[in-house]
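The values are calculated or read from the model by the stated rules, or taken from the named source; none is laboratory data. Note that the structure is a prediction, hence the values are computed from the model and not measured. So basically every Cβ, Gly included, is an ideal-geometry build from the backbone, and we count neighbours across all protein chains shown.
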Number of protein chains: 2
Amino acid sequence: MSQLTVTDLTRVRRHPERAHYDRDTLHALLDSALICHIAFVLDGQVQQIPTACWREGEHLYIHGSNGSRMIRALRAGASVCVAVSLFDGLVLAKSSFSTSVNYRSALIYGQFAALEGEDAKRASLKAFFEHYLPGRWDEVREPDASELAATTVLALPLEQAVCKVRSGPPQDKAEDEAAPVWAGVLPALSGWGAPQPAPGCEDWPLPGSVQAA
Amino acid sequence: MSQLTVTDLTRVRRHPERAHYDRDTLHALLDSALICHIAFVLDGQVQQIPTACWREGEHLYIHGSNGSRMIRALRAGASVCVAVSLFDGLVLAKSSFSTSVNYRSALIYGQFAALEGEDAKRASLKAFFEHYLPGRWDEVREPDASELAATTVLALPLEQAVCKVRSGPPQDKAEDEAAPVWAGVLPALSGWGAPQPAPGCEDWPLPGSVQAA
């Protein structure tokens, strides 16, 4: 497995046994996520914004309107800390103290850079669609030149990054192990509900992308 | 509805029609969330950590080990931007450009303060459990004095806060409305899967808290 370089910024201090510094874990986590949280400093004030994200190769991508304050700040080179986190379940121990959650999270540090050129932006937005709902890109009208011109696509290199993962059953203290209390994991599930047609589409067959979701 | 005071920090510029500045919306959003993302600056570096959260009255709470770098930084008065975000579904328009997501998100700015005293910490941790899994607190061993002493509980006042919400069907451009493409919303669902007993608990009946989940 290809390893990320561990730096002072990415070395996990608390629960270091939960740290993962390999690209396979990072890629799998990013490929399971739809949303990231981007922290940055703007005019001396710490800020963050949740936004859609996708991975291609060794970069994490986001997009937005050219006019967005966050997009302008990131494009200008603001340092970021991006979090991608997935909640996997409740870890129900026999004591309150040992109760925990299962999760997978990644932190990525660095600076975004903007994609230049219509073709590069269109190709990356297609990858975004394929991540969110495979097949949907081919069903909709592609962006035209003015829409592409109004959109910024930003890429963050997966260089300074670390994953932290907790999985498995609770770990009770020895003194609690024999307590007559059910312990275990209540796993979190996520999925899609029944599609809700827009007005005017009630009688249409579902498109392939939605059928396959 | 009780309104939050709008400040330069909390005024929404992009899609201002999605902004909500009332406490009812904020409370409902926080009460639906299990995880928040806390952005802060430590030694000149922007950082963020996803962590469990709960609301009581007009404060958002988190907890952690006294030794955690984040806990120490927040306890020392670091300014934070806390995001709580819920992904509600894909908004499938007839063009790529008008495709969107439905979501509810809150940003809260300010500084955390630590709860002092065993009783205050125990009561707040009970509220945390009641938020995550009602009834579980009464099934497990409560924290003892040393566990409470090792735990920091932090409260952030809900003063500088704003919610941003997108809901409902896609809004296509007029030129796309007649296109023969299915449009609508694919709602995101979340829930609990089958409980997974810890080793030794396989033959036990499920506790009331898990049965009711």
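For this structure, a couple of remarks:
- First in segment B:13-29 and within 14 Å of B:Y103 (Cβ to Cβ) and at pLDDT 95 or above, second anywhere and surrounded by 17 or more Cβ atoms within 10 Å (Cβ to Cβ) and basic (K, R), Cβ under 7 Å, 6 or more apart: B:L29/B:R104
- Any chance B:Y61 is more than 10 Å from every other protein chain (Cβ to nearest Cβ), over 23 Å from B:A188 (Cβ atoms) and surrounded by 15 or more Cβ atoms within 10 Å (Cβ to Cβ): yes
- Within this structure, B:A78 fails the test of being closer than 24 Å to A:F97 by Cα and not basic (K, R).
- Among residues of segment A:1-50, those that are in a strand (DSSP E or B) and either surrounded by 20 or more Cβ atoms within 10 Å (Cβ to Cβ) or of a type outside the set (G, A, S) (or both), counted: 17
Conditions (1) surrounded by 15 or more Cβ atoms within 10 Å (Cβ to Cβ); (2) more than 7 Å from chain A (Cβ to nearest Cβ); (3) not in a loop (DSSP other than H, G, I, E, B), marked per residue:
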{"site": "B:H131", "(1), (2), (3)": "yes, yes, yes"}
{"site": "B:A149", "(1), (2), (3)": "no, yes, yes"}
{"site": "B:G168", "(1), (2), (3)": "no, yes, no"}
{"site": "B:A178", "(1), (2), (3)": "no, yes, no"}
{"site": "B:V181", "(1), (2), (3)": "yes, no, no"}
{"site": "B:L186", "(1), (2), (3)": "yes, no, yes"}
{"site": "B:G191", "(1), (2), (3)": "no, no, yes"}
{"site": "B:W204", "(1), (2), (3)": "no, no, no"}
{"site": "B:A213", "(1), (2), (3)": "yes, no, no"}
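- Test result for A:R55, within 9 Å of another protein chain (Cβ to nearest Cβ), basic (K, R) and more than 13 Å from A:L115 (Cβ to Cβ): no
- The residue list A:S100, A:S105, A:S65, A:S124 contains one member that is in contact (Cβ under 8 Å) with a residue 12 or more places away in the chain, among the hydroxyl-bearing types (S, T, Y) and touching an Asp or Glu at 6+ places or on another chain (Cβ under 8 Å), which is A:S124.
- Reported count of residues in segment B:35-85, each being of a type in the set (K, R) and within 17 Å of A:S85 (Cβ to Cβ), is 0.
- Answer residue from segment A:158-213, given it is touching a strand residue (DSSP E or B) at 6+ places or on another chain (Cβ under 7 Å) and polar (S, T, N, Q) and is modelled with the lowest pLDDT among those: A:S190
- Tabulated pairs, segment A:156-181, first more than 23 Å from A:T25 (Cα to Cα), second charged (D, E, K, R) and surrounded by 15 or more Cβ atoms within 10 Å (Cβ to Cβ), C-beta under 7 angstrom, 6+ apart or interchain: A:D172/A:K94; A:D176/A:K94; A:D176/B:R141; A:A179/A:K94; A:A179/B:R141; A:V181/A:K94; A:V181/B:E139
- Residues (buried (at least 18 other Cβ atoms within 10 Å of the Cβ) and charged (D, E, K, R)) located in segment B:110-129: B:K121, B:R122
- Check on B:D144, under 13 Å from A:S95 (Cα atoms), at the interface with chain A (Cβ under 9 Å from one of its Cβ atoms) and surrounded by fewer than 19 Cβ atoms within 10 Å (Cβ to Cβ): yes
- Highlighted here are the strands (runs of 3 or more DSSP E) found entirely within segment B:51-129 that include at least 2 residues which are closer than 30 Å to B:P180 by Cβ and of a type outside the set (A, V, I, L, M): B:79-92, B:100-111.
- Count - residues of segment A:66-92 that are modelled with pLDDT of 95 or more, farther than 22 Å from B:L42 by Cα and not polar (S, T, N, Q): 10
- Answer residue from segment B:80-115, given it is more than 22 Å from B:L29 (Cα to Cα) and not aliphatic (A, V, I, L, M) and is farthest from the other protein chains (Cβ to nearest Cβ) among those: B:S98
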